[in-house]
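Student: My questions all concern the structure below.
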Amino acid sequence: MELVIIAAAIMLGLGALGAAIGMGLLGGRLLEGTARQPELAPMLQGKMFLLAGLIDAVPIIGVGIAMYLIFVVAPGVGA
Amino acid sequence: MATETEGGFDTTAYIQHHLQNLTFGKLPAGYERTGEDGHHEVLEHDTWTMAHGSEEAAAMGFTAIHVDSLAWSFGLGIVFCLLFGGVARKASSGIPAGLQNFVEIIVGFVDNNVRDMFHGRNPLVAPLALTIFVWVFLMNLMDLVPVDLVPEIMLLFGVEYQKIVPSTDPNVTLGMALGVFILMIFYSIKVKGVVAFAKELSCQPFAPPTKGPAILLAPVLIAVNLFMEIVGLLAKPFSLGLRLFGNMYAGEMIFILISVMYMAGWVFGLFGGFLQIGWAIFHILVITLQAFIFMVLTVVYLSMAHEDH
């Protein structure tokens, strides 16, 4: 059972790492773009949310699978 | 692993109970069923029945149906059709009020987005986008209903399992993504023709040489191109379906985990209440965003399918 939990932890950790770096870059560009042309701010913000959802996709799939592993698979394996 | 808290509450069983869909399927003959009182029954022939646990649901195989996901998603689709259709039929061209205003805002919003993103000519796309947006939003909205409320009510009617959020069921989300995928392929072939479509898959990104001695390399390049393009093509519906599923499943899982706190005394219960409210407010953003992303990606994929150079 311990290996299942560690697998879930690796999934969560690496996914969070990728998502955080990606979001940081995206947010930085948004701020830069807004500073350059403040009148585009609402449109840029809308597109940022869209891209945020896309960036989050695979890490959140990983979170879903990790939760499944921790709460459904792990209690059933060994222990 | 210790699963009992004070009072003998089994957290793992509670969580797993809330993650199990109401499954209707065929148990094969010879399957041994264990009732709650420990009474064993070996089935003589294939029985069509509701599953009494996740092992039974797994034993039912591919032909099993998640009755609760189907019922809630159909029901919400009917609600959408009745609501929007009713408003459309009674629409007046004066200043809109109340419900008509709300519906017009949504239709205008979807119309703007489709106009921005879709560069083909197809009267199906905007209604499809509206349906996807509102239907996925309604399905996700079910996640805000308290975790135990509907399952407990259904238990009074003798229904053992109930998951009211259809988009936490990967069957539902991947089914919708499959529908979008079929439309993508259909319109690709209809607009571009089979030959151009096949060429698009096999001649990008490495153009195979057609003259000279390098033509011997062409089959290799075509195989490489096909592999990469087909992977890219299949990644679209998979990521579409799994993105929605992952977001909703993780959100629902956190709701269930917070509601486990209610069993640990009133201090934890109060804290859990605040956590639920906070997470639910954050989840409102996730719900709308995921519905919007599903719609935008559908329109973008269909626009790519209609690209006629």
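The values are calculated or read from the model by the stated rules, or taken from the named source; none is laboratory data. Small disclaimer: the values here were computed from a predicted structure and weren't measured. Here Cβ is always computed from backbone atoms with ideal geometry, including for glycine, and neighbour counts include all displayed protein chains.
Student: Provide a single number: the residues in segment B:1-36 that are within 14 Å of another protein chain (Cβ to nearest Cβ), modelled with pLDDT of 75 or more and part of a loop (DSSP other than H, G, I, E, B).
Tutor: 3
Student: Report yes if B:LEU302 is part of a helix (DSSP H, G or I) and surrounded by 16 or more Cβ atoms within 10 Å (Cβ to Cβ), otherwise no.
Tutor: In short, yes.
Student: Name the one entry in B:ILE281, B:ILE287 that is at pLDDT 90 or above and farther than 30 Å from B:ILE182 by Cβ.
Tutor: Testing whether each residue is at pLDDT 90 or above and farther than 30 Å from B:ILE182 by Cβ leaves just B:ILE281.
Student: Looking at this structure, is A:MET11 touching a Lys or Arg at 6+ places or on another chain (Cβ under 9 Å), crowded, with 16+ Cβ neighbours inside 10 Å and more than 9 Å from chain B (Cβ to nearest Cβ)?
Tutor: No.
For (1) buried (at least 20 other Cβ atoms within 10 Å of the Cβ); (2) touching a residue at least 12 places away in the same chain (Cβ under 8 Å), each residue gets a yes or a no:
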site	(1), (2)
B:PHE118	no, yes
B:THR131	no, yes
B:VAL136	yes, yes
B:LEU141	no, yes
B:VAL147	yes, yes
B:GLU152	no, no
B:PHE157	no, no
B:TYR161	yes, yes
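Student: Could you run through segment A:58-79 and say how many residues are assigned to a helix (DSSP H, G or I) and at the interface with chain B (Cβ under 7 Å from one of its Cβ atoms)?
Tutor: Residues in segment A:58-79 being assigned to a helix (DSSP H, G or I) and at the interface with chain B (Cβ under 7 Å from one of its Cβ atoms): 7 in total.
Student: So, in segment B:120-129, how many residues would count as being loosely packed, with under 12 Cβ neighbours inside 10 Å and modelled with pLDDT of 90 or more?
Tutor: Residues that pass the stated criteria total 2.
Student: Further question on the same structure: In segment B:239-258, how many residues are among the polar types (S, T, N, Q) and either in contact with a strand residue (DSSP E or B) (Cβ under 6 Å, 6 or more places away or on another chain) or surrounded by fewer than 22 Cβ atoms within 10 Å (Cβ to Cβ) (or both)?
Tutor: The number of residues fulfilling the criteria is 1.
Student: In addition: Restricting attention to segment A:27-57, report how many residues are away from chain B (no Cβ under 14 Å) and under 24 Å from B:ALA250 (Cβ atoms).
Tutor: Here the count works out to 1.
Student: From the list B:PRO205, B:PRO237, exactly one residue is under 37 Å from the mean Cα position of the chain (by Cα) and in contact (Cβ under 8 Å) with a residue 24 or more places away in the chain. Which is it?
Tutor: Of B:PRO205, B:PRO237, the one residue that is under 37 Å from the mean Cα position of the chain (by Cα) and in contact (Cβ under 8 Å) with a residue 24 or more places away in the chain is B:PRO237.
Student: Something else now. In segment B:37-144, which helices (runs of 4 or more DSSP H) lie fully inside it and hold 1 or more residues that are more than 30 Å from A:VAL77 (Cα to Cα)?
Tutor: Passing ranges, in order: B:67-89, B:99-117, B:125-141.
Student: Only one residue in B:VAL42, B:VAL136 is of a type in the set (Val, Ile, Thr) and out of contact with any Gly (no Cβ under 8 Å at 6 or more places or on another chain), so which one is that?
Tutor: None of the others qualify; the one that does is B:VAL136.
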